[in-house]
């Protein structure tokens, strides 16, 4: 599932390749999508690469190849996510904006196992749209949870937290909260629209979202752009 801006950029690049045989420049892409900075284009291209729609050709300037178009992919039957404006880049919030908060679960102290709502994929890489509709349920040992707090689960998309032992396809268990200690791994909502899983660092009056993979840069934002939606308390991995 692509965001509106990702879809627009992919079609723009495809059309330019069809018409001219050469990729548009970042400046042309920025103007076409009415974005304020080239960094937004960089994030869009990275997200399209990660999802298998684009490929950068090595050792060639402005060399992009469209691998597939949205119509070539398997239809996504999951609930529709909240749209994303990719210019919003660095915030985690305690709410999903206008839509209701995720329906987290409170754990009974006597429970041996708990079914948590499993929400859509959250990026452990470039942020993706915040999802608010459950895809199903996942069983979690009650001992992993705080009986006095609410919890939900998210599946991981990306590799930016691999040095913290969090891999693509893992399911993370999140304790719902709006504050976190320095150094904790949190679900952060950026500019009310983009959710990501990162380590939270405070740098003076700024907030840093830190990856656990040297291939990804630490992203720094003003404190009003990032809201904590929960902190990591557990991880579930299936071996095939």
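Read-outs throughout are calculated quantities, based only on the coordinates presented, and are distinct from any laboratory measurement. Bear in mind the structure is a predicted one, so any value in this text is a computation, not a measurement. Cβ placement follows ideal geometry from the backbone for every residue including glycine, while neighbour counts extend to all protein chains displayed.
Order these by the 10 Å Cβ neighbour count, fewest first: 46, 179, 138. Please list the in-between numbers first.
On the way: 46 15, 179 11, 138 18.
Going from least to most buried by this count: 179, 46, 138.
Please tell me the relative contact order of segment 138-240 in percent, rounded to the nearest whole number, where contacts are Cα pairs under 8 Å and at least six residues apart.
Working: 208 pairs, mean separation 31.0, N = 103.
RCO, segment 138-240: 30 percent.
Please work out, to two decimal places, the log10 of the ratio I(q)/I(0) at q = 0.13, 0.20, 0.29 Å⁻¹ from a Debye calculation in which every Cα of segment 4-72 carries one identical scatterer.
Values returned for q = 0.13, 0.20, 0.29 Å⁻¹ are -0.31, -0.76, -1.63.
Assuming 0.36 nm per residue, please report the length gained on full extension of the stretch residue 179 to residue 34 beyond their Cα-Cα distance. Kindly include the intermediate steps, with their values, before the conclusion.
Details: separation 145, 0.36 × 145 = 52.20 nm, distance 3.41 nm.
Net length gain for the segment: 48.8 nm.
Suppose the Debye formula is applied to equal point scatterers at every Cα of segment 145-240; what is log10 I(q)/I(0) at q = 0.15, 0.16, 0.25 Å⁻¹?
Result of the Debye calculation: -0.57, -0.64, -1.43.
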